[in-house]
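Take a look at the structure below.
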Amino acid sequence: MPNQEDRLDEAVRTAVELARDVADGLDAVLLTHFADADALDTLRPGETDPETVRAVNRAVAAEMLAAGVEVFVQRADRGAFRRWMQGRVDTPESRRAWIDRDRLLRGDAALGLLGLGPAGSPPPEPRPGGQPGPAADRLLAAFVAGDEDELDALAQDLLSAGRAEVLDLAIRKAAERHGNGNAEELAATLLSVAAGGALGPSGWAELVALPVALPPGGLPDAAAIAEGLLASGALEEALEVRFLPGWRAPKILAGLSPGALRRALLDMVAGEEPRDLPPGDAEGLLAGGFGVLVGLEIDWDIPVWDEIAAQGGLPLPAGEDEERMTPEESRAAALFDGWRGAVFEASGCVPLALVPLPETEAEIAEFLDEAGAGTPGLEEIVAFIAGARQVAGEEEVVCRLEFVGDALEMSLFTAGGQFLDSLTLPPERMPAKAVDMPAIIAGFVRLVRDAPGR
């Protein structure tokens with residue numbers, strides 16, 4: 001019968017073999033340190049041998065470090081774990097998914113907790129140097145060859161080295177040698193690279209944006225909208241979004257260079273107000289019809305060693321069938337649509353989708369294109385409002401909207417309270433989705449929450 005030492009050796013050997021098998025598929029891994037048997041039994045009911053777990057953690061960490069995988073470590077905190085489990089189904093999968101976001105350790109602090117010595121300073125990676133021209137040519141060559149991985153790696157290295165001017169030069173060279181269309185495509189790719197990087201407490205952070213179609217009367221409360229989205233349950237649990245206070249102008253965001261985007265990302269990761277993202281002024285935002293909430297998205301989807309060990313390897317890549325919307329994604333989409341409707345009811349504005357910051361302009365354009373796609377429905381609305389204005393004469397015409405089942409009812413009044421006319425639009429006659437209609441109609445007539453004078 002094997003003794004305790006034999007069982008420990010076997011557990012370590014098995015873990016090391018698995019770590020070697022999966023390391024090539026990982027950039028980072030999270031280990032959980034158990035200080036005592038009580039903590040171990042709380043997180044893994046029935047297990048009471050923290051010494052073996054600590055030995056396995058040390059061996060796995062050493063293998064991962066040798067393979068170039070970053071090692072994160074968290075302490076098993078019974079109180080924090082129990083609070084996290086509240087409201088969750090108590091399953092082994094749920095227990096293994098716990099990540100103590102506020103106290104995650106990395107680097108020498110993580111290794112010290114495991115009982116390993118400092119990793120020491122890794123050999124410095126080659127820093128992109130020399131003249132900007134050859135470096136820009138390498139970027140451009142990777143783009144022309146369609147080598148996305150090489151292009152991403154080169155751009156990230158240059159941005160990390162503070163050589164954003166090389167990216168700008170590559171874009172200019174693309175225009176000279178391959179035309180403006182290719183230059184625009186390269187610029188979009190480099191903006192996408194610059195907006196996200198291996199930064200922040202989880203190892204990856206990205207700039208995101210929530211474009212919002214504004215009501216004509218005044219700016220809604222940006223903080224209330226941001227807080228409402230975070231509380232809605234519509235965001236993936238593994239993602240944390242920290243919004244900047246106030247509104248930003250779409251035109252300012254559209255004019256940012258890759259270097260400016262990376263500076264903004266670094267500022268927000270450091271908890272500072274980004275110098276390159278000044279708040280917009282109310283008059284300019286309302287004139288343009290759209291405001292943007294800018295956020296820092298932190299990805300906490302770090303592979304957890306306990307889950308890897310339980311599965312005996314990494315999860316299989318999603319197949320074609322698995323690429324369809326999951327029940328969880330369907331639920332999140334429904335919650336997002338419900339939240340959008342609630343925002344309109346409260347403030348008269350319509351949020352679009354939460355997108356990577358460089359896609360802000362495209363998201364707004366798509367919204368406007370969808371609104372214009374149903375031209376007959378739009379013409380009916382415009383003609384209806386125009387007819388009411390003829391009846392109203394010099395008085396301002398205002399509109400009260402009400403959803404009656406799937407239909408939208410438009411009621412027009414003079415600002416003084418005289419009822420003018422009403423129009424009911426079933427879904428098939430709307431030029432856009434029902435939730436987007438208020439923002440479209442607000443472009444033609446001032447919306448009011450209640451009938452004037454009542």
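The values are calculated or read from the model by the stated rules, or taken from the named source; none is laboratory data. Note that the coordinates shown come from a computational prediction; the quantities given were computed from them, not determined experimentally. Every residue, glycine among them, receives a Cβ derived from its backbone with ideal geometry; neighbour counts consider all protein chains shown.
Listed by first and then second residue, the pairs with beta-carbon distance under 7 Å, at least 6 apart or on different chains, first residue in the stretch 252-264 and closer than 21 Å to L285 by Cβ and touching a residue at least 40 places away in the same chain (Cβ under 8 Å), second of a type in the set (V, I, T) and outside any helix (DSSP H, G or I), are L253/V292. Of all the listed residues (D77, D102), the sole one being of a type outside the set (A, V, I, L, M, F, W, C) and surrounded by 12 or more Cβ atoms within 10 Å (Cβ to Cβ) is D77. Residues of the stretch 377-434 that are under 30 Å from D337 (Cα atoms) and of a type in the set (G, A, S): G377, A383, G405, A407, S411, S422, A432, A434. Annotation for the stretch 196-210: no member residue is in a loop (DSSP other than H, G, I, E, B), modelled with pLDDT of 95 or more, touching a helix residue (DSSP H, G or I) at 6+ places or on another chain (Cβ under 9 Å) and under 28 Å from V144 (Cα atoms). For E10, the stated conditions do not hold, so it cannot be described as in a helix (DSSP H, G or I) and modelled with pLDDT of 95 or more. Within the set T48, T52, the sole residue that is among the polar types (S, T, N, Q), surrounded by 16 or more Cβ atoms within 10 Å (Cβ to Cβ) and more than 28 Å from the chain's Cα centre (by Cα) turns out to be T52. Every test in (1) at pLDDT 95 or above; (2) closer than 22 Å to Q311 by Cβ; (3) among the basic types (K, R) is passed by R96 save one, and that test is (1).
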